[in-house]
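Working notes, structure below.
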Amino acid sequence: MVTDYCVVLITTPDEELAKRIGDLLIARQLGACVQAMPIDSTYRWSSEIHHEDEVLLLVKTRTALLDELIEHVREAHIYDAPEIIALPIIGGSADYLNWVDDQTRPVYR
């Protein structure tokens, strides 16, 4: 079963930008909850391998808000190609998902 909800993964270079993006998404009711955790990333960029300390954001939201969420993150982010990946929530606690509805912007259908 797939729900109308998703978790969005966003990486940032530091805690300051992570908090700024988290505050933005909560203030605009594009996410119900934003969690931040330090991570160690290894990736290839411009033909070079990089090892960086980053902060990973986990944003719980509704899929109907995803396009707007991506737009706001891209405007606030400093990376040329920021990681913004949405993973579907295939199930979960009805109480929690109802809370996500209450905390995010209404979607008119």
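The values are calculated or read from the model by the stated rules, or taken from the named source; none is laboratory data. None of these values were measured; they are calculated from a predicted model. When we count neighbours, we look across all protein chains shown, and the Cβ atoms used for this are built from the backbone with ideal geometry, even at glycine. Protein only, heavy atoms only, side chains kept; ligands, DNA and RNA dropped before computing areas. Shrake-Rupley method; radii C 1.70, N 1.55, O 1.52, S 1.80 Å.
Looking at this structure, is L57 outside any strand (DSSP E or B), touching a residue at least 40 places away in the same chain (Cβ under 8 Å) and aliphatic (A, V, I, L, M)? Judged against the criteria, L57 is not a match. Of all positions in segment 32-47, at least one carries a residue that is modelled with pLDDT of 95 or more, in contact with a Phe, Trp or Tyr (Cβ under 9 Å, 6 or more places away or on another chain) and closer than 25 Å to G92 by Cα.
Quick grid of which residues meet (1) touching a helix residue (DSSP H, G or I) at 6+ places or on another chain (Cβ under 6 Å); (2) in contact (Cβ under 8 Å) with a residue 60 or more places away in the chain:
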| site | (1), (2) |
| --- | --- |
| T3 | no, yes |
| L9 | no, yes |
| T12 | yes, yes |
| G22 | no, no |
| A27 | no, no |
| A32 | yes, yes |
| T42 | no, no |
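When restricted to residues that are over 21 Å from R44 (Cα atoms), part of a strand (DSSP E or B) and open to solvent by 70 Å² or more (accessible area, probe 1.4 Å), segment 60-94 contains 2. Name the residue that is nearest to L9 (Cα to Cα), counting only residues in segment 44-54 that are open to solvent by 80 Å² or more (accessible area, probe 1.4 Å) and outside any loop (DSSP other than H, G, I, E, B). Checking each candidate, the answer is D53. Considering segment 1-24, and only residues there that are in a strand (DSSP E or B) and among the β-branched types (V, I, T), the residue that is surrounded by the fewest Cβ atoms within 10 Å (Cβ to Cβ) turns out to be V7. Taking segment 25-38 as the range and being open to solvent by 50 Å² or more (accessible area, probe 1.4 Å) and not charged (D, E, K, R) as the test, the residues that pass are I26, A27, Q29, Q35, A36, M37, P38.
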